[in-house]
Amino acid sequence: MRGKHAIVVGGSVGGLFTAHYLHRNGWTVDVLEQVQENLASRGTGIAWHKELEEIRDELGLPRDDTVGVDVRGRTAFDRTGKIISEFDLTQRLGAWNRVFQPLYDAFPNAHYHNGAAVTGLETDGERAAVTTRDGRSFEGDVVIGADGFRSVVRGAVAPEILPVYSGYVAWRGVSREENLSHAFRENVFHHYAFLFMRSSLLIGYPMAGADGSIEPGGRRYNYLWYYPAPGDELTDILTDADGKVYEYGIPPARMRPEHIDAVKENARRDMPESFHDAVNFADTTIVQPIYDVFSQKIAFGNVALVGVAAFVARPHVGTGVMKSAQDGRALANALGACDSIPDAMARYEAERLRPGQRAVWQGRDLGSFIERGHERPEDDPNFNLPPERAIRISGRPVEHMLEQGL
Ligand SMILES: Cc1cc2nc3c(=O)[nH]c(=O)nc-3n(C[C@H](O)[C@H](O)[C@H](O)COP(=O)(O)OP(=O)(O)OC[C@H]3O[C@@H](n4cnc5c(N)ncnc54)[C@H](O)[C@@H]3O)c2cc1C
C-alpha cells in the first residue's frame, strides 16, 4: 500500500523511526508530540547496537563515529570495589539525543507537530481520528501509538494493559569528567561497570560530553542505580514539596532535596569509596520508577502500538531505542507489502509480539534479585544469574543471547 495517511502519536525516537519508514514507502505521515519544545535537550546515555546502526544506514542518516564512547568490555565489581568478573565485548555507549536529533532533522518539519497532546481516539476500522487537548483533530487510514509508557492510544484500544510496578527505582545521573576525582578517572571511569550490592545494582559508563566531545577531559559519566523502593516509599519520592503526587514519574525540578540527599547518603553507606563520585558529582539526579508493560496484542484493526507503548522492558535489557526502531520498520514494511491494512497489522503483530514479550521477561529476570530483596543475583536459583552471567546478558538484545545459546 502506498499513498495512504498515518497519524503517529508520540514524536520521540519510536514515532520518528516509524514515520521515516512510512514516508519512504510513499505515505503521508503526521507526527503528534505533546511536548512543546524539542526533545533533544533531554535524555542520558544509551547502549548502541549494530541493529540500530543498520537501521540508521537504511534510512540514509549520516554515519557519525562521534556518537558515543567505545568500551572494550564489561566489569563486575562487588560491594567492596573488588573486580569479580570481566567480559570482553566492544560496545558503543551513546547519548539518546544523538539518535533523536538526526531523525528529527531529516523529517519534514511541517508534518511534525509539537504541543499536540492527544486525548482521544476514534476508529471505525477504515478511518481513524485523534483529537488533541487544544481541540485539533487529525484523521488518517491508520493511527500508530508511539506515545510511550502511559500511551493514550493503548489506553483507548487495550485499557486492560497496565504498567506493573517492580518495587524498585533507577536513580540516574550524569557527571562531567572534569569534576571527577583523579582516582575515579583512573580506576573507574573507563569501565562499563556493574557494581553488585545488597539488593541493588549500579551500572555506570562513560559517554560523550554535552557538546558531543569524546576526547579525554570532555566526556561525562552516566550512572543508573537500581534501588528498592516499596510502594509507599515510591509515593513519597514522587511527591513534591507542595504535596502534589506525580503518579508515574516526577520532573527532576520538583523532586524534594531530601530524596537526593538520601541517594548520596545511601551511596556513602552501600558503595565502595571508589564509586562515590559517580553519584556525588552528578549535575542532576533523576528518578525512574521501574515498571513492566506486557502486551498480548499490539495491533487492533487500523491501530498499532510500537516501542514503549507496546512493551516496557526494564532498562537492564538496554534495547528500548533499538526495539522501537525495529517495530517501526516492521510495521511500515508490513503496511508497504500487504494489500490490506488488516493483513499488514496481522503480519506486524506476528513479527514483533514475541521479541517484545521476550524483552520484558529478560528484564524481569535480570532485576529479580532487587525486586525480591535478595542479597546477590545468584541467590535465587530460578534465574541462574551469577554476576559473570549477568554482565554477559545485560544491555544486549535477547535475540543475540538466543543465537549464542546464553
Ligand atoms: C525525552 C526522552 C529522553 C529519553 N532518554 C533516554 C535515555 O537517556 N536513555 C534511555 O535508555 N532511554 C531514554 N528514553 C527512553 C527510550 O528512549 C525509549 O526506550 C525509546 O525512546 C523508545 O521509546 P518510544 O519512542 O517508543 O517512546 P518514548 O521515548 O517514551 O516516547 C514517547 C513520546 O510520546 C509522547 N507522548 C506521550 N503521550 C502523548 C500524547 N498523549 N500525545 C502526544 N504525544 C505523547 C511523549 O512526550 C514522548 O515524546 C528517553 C525517552 C524520552 C521521551
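The values are calculated or read from the model by the stated rules, or taken from the named source; none is laboratory data. Since the model is a prediction, treat every value here as computed from it, not as a measurement. Please note: Cβ atoms are built from the backbone with ideal geometry, for glycine as well, and neighbour counts cover all protein chains shown. We work out accessible area using only protein heavy atoms, side chains counted, and drop any ligands, DNA or RNA first. Shrake-Rupley method; radii C 1.70, N 1.55, O 1.52, S 1.80 Å.
List of remarks:
- Close Cβ contacts (under 9 Å, 6 or more residues apart or on different chains) running from residues in the range 367-378 that are open to solvent by 40 Å² or more (accessible area, probe 1.4 Å) to residues that are among the acidic types (D, E) comprise R372/D379; R372/D380; H374/D380; R376/D78.
- Among the residues making up the range 164-195, a single one is aromatic (F, W, Y) and open to solvent by 20 Å² or more (accessible area, probe 1.4 Å): Y165.
- Contact annotation: residue pairs with Cβ atoms under 9 Å, 6 or more positions apart or on different chains, pairing a residue in the range 134-147 that is over 15 Å from T18 (Cβ atoms) with a partner that is charged (D, E, K, R) and surrounded by 14 or more Cβ atoms within 10 Å (Cβ to Cβ), are F138/D30; E139/R127.
- Considering (1) more than 11 Å from the ligand (Cβ to nearest atom); (2) touching a residue at least 60 places away in the same chain (Cβ under 8 Å); (3) open to solvent by 10 Å² or more (accessible area, probe 1.4 Å), the lone condition that P342 does not fulfil carries the number (2).
- Residues located in the range 20-47, provided they are more than 11 Å from the ligand (Cβ to nearest atom) and either within 16 Å of S151 (Cβ to Cβ) or touching a strand residue (DSSP E or B) at 6+ places or on another chain (Cβ under 6 Å) (or both): L22, H23, W27, T28, V29, D30
- Criterion: under 26 Å from I341 (Cα atoms), away from the ligand (no atom under 14 Å from the Cβ) and among the hydrophobic types (A, V, I, L, M, F, W, C) - qualifying residue of A128, A116: A128
- Scan of the range 252-270 for residues that are touching a residue at least 24 places away in the same chain (Cβ under 8 Å) and either in a helix (DSSP H, G or I) or farther than 20 Å from Q288 by Cα (or both), ordered by number: P252, H259, I260, V263, N266, A267, D270
- Filtered by the rule that a residue be under 20 Å from Y348 (Cα atoms) and at pLDDT below 95, the range 27-39 gives no residues.
- Hits in the range 248-262 (condition: of a type outside the set (A, V, I, L, M) and farther than 16 Å from Y168 by Cα): P251, P252, R254, R256, P257, E258, D261
- Among the residues making up the range 237-258, those that are open to solvent by less than 40 Å² (accessible area, probe 1.4 Å) and touching a Phe, Trp or Tyr at 6+ places or on another chain (Cβ under 9 Å) are L238, T239, D240, G249.
- Test: residue in the range 293-304 that is closer than 15 Å to S166 by Cα, surrounded by fewer than 23 Cβ atoms within 10 Å (Cβ to Cβ) and touching a Ser or Thr at 6+ places or on another chain (Cβ under 7 Å): no
- Unmet criterion (only one of (1) surrounded by fewer than 12 Cβ atoms within 10 Å (Cβ to Cβ); (2) part of a loop (DSSP other than H, G, I, E, B)) for A110: (2)
- Qualifying residues in the range 18-42 (those that are open to solvent by less than 50 Å² (accessible area, probe 1.4 Å), in contact with a Phe, Trp or Tyr (Cβ under 8 Å, 6 or more places away or on another chain) and not in a helix (DSSP H, G or I)) - the one nearest to R220 (Cα to Cα): E33
- For the range 96-123, filtering for residues that are touching a Gly at 6+ places or on another chain (Cβ under 9 Å) and more than 30 Å from D211 (Cβ to Cβ) leaves 4.
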